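Below is one structure, written out as structure tokens, with a few remarks after it.
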């Protein structure tokens, strides 16, 4: 059984947050820890809800890369086999009930190198 987790890109401040939970009304909750300036800027004390802010939620795929790093939607994966000269990249998407990286990760050489929000330059000019 796959662990259900989320994170979200908060567009207004350009920062990624892990979800602290899901409210009974299917609203994501995010915990803001010790960032007083951020709390003041958003106007929230401890939790923020995605209905109040401009955010892009991303779901955890249930898979990990070669370094045991969790893979989420919109992550950028790079193929880095030592004997393979190309550095193929792939953006993780969700479509037709599945994540696009599922077949890729049968190979142990895929690694999360960033995501499309914090690292957009990693995929500019690249095709999937």
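I'm checking my understanding of the structure. Among residues of the stretch 65-92 that are loosely packed, with under 14 Cβ neighbours inside 10 Å and free of Cβ contacts under 8 Å to residues at least 24 places away in the same chain, which one is nearest to residue 18 (Cα to Cα)? Of everything passing the filter in the stretch 65-92, 68 is nearest to residue 18 (Cα to Cα).
Scanning the stretch 34-42 for any residue that is modelled with pLDDT under 90 and crowded, with 17+ Cβ neighbours inside 10 Å turns up at least one such residue.
The values are calculated or read from the model by the stated rules, or taken from the named source; none is laboratory data. In this text the structure is predicted, and so the values were computed from the model without any measurement. All Cβ positions, glycine included, derive from the backbone under ideal geometry; neighbour counts span all protein chains shown.
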